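Inspection log for the structure reproduced underneath, given as structure tokens.
The values are calculated or read from the model by the stated rules, or taken from the named source; none is laboratory data. Everything numeric in this text was worked out from a predicted model, so none of it was measured. Every residue, glycine among them, receives a Cβ derived from its backbone with ideal geometry; neighbour counts consider all protein chains shown.
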Amino acid sequence: MPRRVPRTRAALTAALCAALTAPLALTAPPAAASGQYSVSALKFTVRAGDRTCTLDADLYRPAGTDRAHPAPAVMATNGFGGSKSDGSTDALGKAFAQRGYVSLVWSGLGFGKSGCLVSLDDPRIDGRAASRLVDFLGGTRAADDGTRADFVTLDAAGDPRVGMIGASYGGAIQLATASVDHRVDALVPFITWNDLAYSLDPDNAEGAADVPGAFKWQWTNGLYLIGEGQPLLAPSLDPTRVNSLTCLHFVDPACETVRTLNSGSYPPDRTDQLLTFARSLSPSTYLDRVQAPTLLVQGQADSLFNLNEATATYRALTAHGTPAKMIWQSWGHSGGLTNPAAGELNLATGNLETSYVGRRVLAWFDRYLRRQPGTDTGPAFAYYRDWVTDPDRTYATADRLPALSRTLYLSGDGKLAGSRAEVTRGSRTYSNWLVPTSHSESSLAGLIGLPDPAPYDTPGTFLAWTGAPLTHALDVVGAPRATLKVVSPRAERTQGSPDAADKLVLFAKLYDVAPDGTQTLVHRLVAPVRVPDVTRPFTVRLPGIVHRYEQGHRLRFVVAASDDAYLGNRGIKPVTVVSAPGDTGVLQLPVAGG
């Protein structure tokens, strides 16, 4: 395959800056019929960390609701870079008001016309600010203009019946709020994170939680520019929205974290600061305080917050007894955010009754907000199948995630063998270059309209193992797992450095190879790994996928030296993989029905 020139960081940054002047909001649905609800613009003065500022909100009140005829409430806020007025947030307010819920939507701290700095859904800041809105719905405080909400269903004095819904940044705020305010009764977070350190600097090696991985520079810097550009994108003289010349619009630790990540260096003190800050913003550290029943909806097409994040959240919630269910829908941050597959829920159009996910959301709120105990909230797990054409059958359901039920072996001749007896003895070597030589994605291409070359790997900089043509279709549902052993004397000499960046980095991924040789990297997902110790075997958890490998197709497992969406190795580190029948790497697949 001919080598392609990697997209440079400067070119992508320039394209993003241009895109920031274009609308990022989704298209809003038509206005509701007159009389269904009224809308009031409200302001709320809140304390957010060490600042006091104003939250900008809209209250949607269904016709006929009053103190004698109260209704439960639904809260929603924007995704990163949006506001209460963007298409999807505004559409949620309208959609639930039309269905008889009191809706309160607001611009998150630092976005739209809300004040204060961007603090990344910190429970101690954003969560507590949102809790003040729960006070308003519970009747214990008024908006700044004196408006009171005496028409929301109460479970006790000051305790409103309230749920939350929203996507991405508007998803994490739900978990943050519920961790500090147990009055929240139900959550529906879409496409959000579990561990922000993993999201932005992923290491897919199991058991390496305290080591930074490979910096996801395209996603992180794109979001950082959106945040720092807020005073320009949403002009405001509000001094609470301005920090300093070196950190315009974020809280200081956020800017320090981005600077550390961009430096490509992880000395112990900065590593500890980075991980401590990222984890303080991560549901993974506070889910034990979340009691609200949670319907998790995560996107299969999502290289920012992949399916593993929702899986980790789901397992943590259920482990400590919080009711939780999980849906893997088609769309996520990668490409399909503004263009869901036919029949899928589109938050901007509010097609709740006509989509599988929408009906599940309505049932969730019927059960926990309308307190209809007989409502069926659906199975524990459901996943979209893009190979099914019948719109009534695109989702499969199960009571649990498929187990790792198929094992393949890495043979010395480059084959994926079905048993150890088929493994041949042999060794093969690759090496990284000083520039990236593999491409999985241009992370922001789907959001800002850039073309994206097909994934590729440059010969000599990767190793591949390819299976035999499948005799029948194989449905992989979940996160594949690979156990590897590599030999790299140069990496062995540097891995004891106090700077974690001196450890070996590699990228594992799984292709679908058609009979004509065309290969597809499913949703362009890769698993960055900072190898904890090159003298020992290590296990890699790949991103979760839902994919049918058709009859006649072949699986191809690849280990690459680099990926241009991430920062990789520091220095040249050749890698050799040795295989023998009794000692070789293995690839395990979660197969539905397997």
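A few comments on the model shown:
- Condition met for Val505 (under 17 Å from Ser438 (Cβ atoms) and within 19 Å of the chain's Cα centre (by Cα)): no
- Checking Ala214 against (1) farther than 24 Å from Val251 by Cβ; (2) in the same structural domain as Phe365 (by TED's automatic domain parsing), the condition it does not meet: (2)
- Looking across segment 93-144, the residues that are assigned to a helix (DSSP H, G or I) and over 21 Å from Arg183 (Cα atoms) come down to Lys94, Ala95, Gln98.
- Checking segment 140-155 against the condition returns a match, with at least one residue being of a type in the set (A, V, I, L, M, F, W, C), closer than 13 Å to Asp56 by Cβ and surrounded by fewer than 24 Cβ atoms within 10 Å (Cβ to Cβ).
- Subset tally (residues that are out of contact with any Lys or Arg (no Cβ under 9 Å at 6 or more places or on another chain) and either surrounded by fewer than 16 Cβ atoms within 10 Å (Cβ to Cβ) or of a type in the set (A, V, I, L, M, F, W, C) (or both)) for segment 157-171: 4
- Residues of segment 236-268 that are part of a helix (DSSP H, G or I) and surrounded by 18 or more Cβ atoms within 10 Å (Cβ to Cβ): Arg241, Pro253, Ala254, Cys255, Thr257, Val258, Thr260, Leu261.
Yes/no matrix, rows are residues, columns are (1) within 21 Å of Leu555 (Cβ to Cβ); (2) buried (at least 16 other Cβ atoms within 10 Å of the Cβ); (3) in contact with a His (Cβ under 7 Å, 6 or more places away or on another chain):
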| position | (1), (2), (3) |
| --- | --- |
| Leu474 | yes, yes, no |
| Asp499 | no, no, no |
| Leu504 | no, yes, no |
| Arg541 | yes, yes, no |
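- Set side by side, the residues Trp465, Trp433 differ, and just one is surrounded by fewer than 18 Cβ atoms within 10 Å (Cβ to Cβ), touching a Ser or Thr at 6+ places or on another chain (Cβ under 8 Å) and farther than 30 Å from Val297 by Cα, which is Trp433.
- Subset of segment 278-305 (residues that are within 16 Å of the chain's Cα centre (by Cα), of a type outside the set (D, E, K, R), in a loop (DSSP other than H, G, I, E, B) and more than 14 Å from Asp201 (Cβ to Cβ)): Gln300, Ala301
- Against the test of being in contact with an Asp or Glu (Cβ under 7 Å, 6 or more places away or on another chain) and either free of Cβ contacts under 8 Å to residues at least 40 places away in the same chain or more than 18 Å from Leu408 (Cβ to Cβ) (or both), the options Ala560, Ala592 yield a single qualifying residue, Ala560.
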